[in-house]
């Protein structure tokens, strides 16, 4: 008899597997839990390992802290922290191993990061920037796949992100193109009055152009009327510091401005336009920052000079500022304030995670303090509110934000933000803040990239080998076993779909060794079907009918299938333990993939194959014994 519940259950699994593999990416939110699986760049959306998808090998050498040598415990502690950081960052199938040679402590760490290529490029450029203009510049610079609607442009700052930014090799071309499209320029305003208040003529366009040509012949001059000119610079040298903050050659700027003294009185000079800074995050650079550093969070009380000074009102506010101007400047310019150390520090932090806040366009990092930190934070914000001062928050020595407070903040929970924060940078900062400092210093001594084309070639060859092997097995099963062979072939196809769907959902990262394990597991699944087919033939030859032979054949084959597969699973467990013990990810990947394949093969062999056999046998085909036995319907004891 055919079990209807088994038929429905198997059909749902089959449909479910096809649906999973039909979409490269699957993403939804269920009961507040985000479910995100798949890769848009791989076949069936499977997660591929370093050897198939490409990625980066990083080798770090441990540097001992002052006054002590590196121990094995230090290296193991560093390995665990790096592993936790990388896993939290969302890098799939990463590998962090302690390596070395010779006797003594192995003082090197090998970090393997597969498929790490997505970048965020955050650029600030002044001028009449529009999405259409940026699209033209991006096309000229090699970023042709980015559409206008994908450009996040806010007040001259735009963010490019996603898988279309595979590397930053084109970034210098992009910066140069932006410099050409939005060059630095001077706005020069000449006064129409002398210092004595007498009227005077402002320089003409011809005089300004002549003066400019003495310094930079390629600059363009534009008359904005009323003595204001825009001078666009073409030959000025542009420099960038370690944070990619860009500036002009100051000596040349000074010479350039002084050249106008002979033609008129300059009222104001300002510099506009140009790419003022850029930041590249994500990809390998973000991972290296995540691996080798621990973010240092500092809180400082910004003690600003008071708004009024009743005891010396005749010189207050300073520098001839009005009271309104002084209120705006007193906590902005360093000569008007002092940052004081406080008892609150990053050591009081118990958690940090990416978050969003209403009214803030960019992501933030929410921080939670312990009890002592919460008390100190409340006292600090209370003092800041009382004195109309600021609370300055620094990360790795760079100011992120300096907010005010209207009253003391209790509860030990706050958030920090920064002008260049994006979805990846807040994740990196959160991980660094809460993962703690490394027990040893790390020095990057080797960086090697695995080209994705090599991985694609390996994957193509693996797929070809697997497909060819599966095809040969199917042809053999059908030609020799006939109906049981057809059932075994259908079961193997079902098995392949279900196996790949399970790999995608869990997810399991498929490496080259894992691909070999998949091919091997197909052979294991075939073994089970061969046992079932042979036992079924024996029952047919003993005189049983088809249905009875199928049931008895499966029952007699099951102990052998069970015992052989359980022994294989035990070997997989041993191999996985061995790989974990000796940080050999290749062995782990092989063992895990093979173990899952064997478990699924047991299900398909005993449930799917039996169901298909009974379905086919319930048709008129079931009356033809010769389709189940390649030697015909011989009975035991015949004289043939």
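Nothing in this text is a laboratory measurement; each read-out follows from the coordinates by a stated rule. Since the model is a prediction, treat every value here as computed from it, not as a measurement. We place every Cβ from the backbone using ideal geometry, glycine too, and count neighbours over all the protein chains shown.
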Could you give the length gained by full extension between residue 252 and residue 341, i.e. 0.36 nm per residue of separation minus their alpha carbon distance, to one decimal place? 28.1 nm
Identify the residues of the range 488-532 with backbone N under 20 Å of a label point that sits 7 angstrom from the Cα of residue 23 along the Cα-to-Cβ direction, or state none. 497-508
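Using a Förster distance of 25 Å, how high is the FRET efficiency between residue 206 and residue 136, based on the Cβ-Cβ distance and rounded to 0.05?
Working from the Cβ atoms, E equals 0.15.
Once the piece of chain linking residue 59 and residue 14 is laid out straight, how much longer is it, given 0.36 nm per residue of separation minus the C-alpha distance between them? Can you show the working numbers first?
Values: separation 45, 0.36 × 45 = 16.20 nm, distance 4.39 nm.
Contour length minus the Cα-Cα distance gives 11.8 nm.
Say R0 is 45 Å: what FRET efficiency, to the nearest 0.05, do residue 76 and residue 303 get from their beta-carbon distance?
Values: r = 45 Å, r/R0 = 1.00.
According to the calculation, E is roughly 0.50.
Could you list 536, 209 in order of exposure, starting from the residue whose Cβ has the fewest other Cβ atoms within 10 Å?
On the way: 536 27, 209 16.
Starting with the residue having the fewest Cβ neighbours, the order is 209, 536.
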Put a dot 7 Å past each Cα toward the Cβ at residue 548 and residue 423; how far apart are the dots in nm? 6.4
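Based on the Cβ-Cβ distance of residue 385 and residue 324, what FRET efficiency does E = 1/(1 + (r/R0)^6) give at R0 = 25 Å, to the nearest 0.05? Intermediate results must be reported in sequence, preceding the final value.
Working: r = 21 Å, r/R0 = 0.84.
Approximately 0.75, to the nearest 0.05.
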Net length gained if the chain between residue 261 and residue 40 were fully extended (0.36 nm per residue, minus Cα distance): 73.5 nm
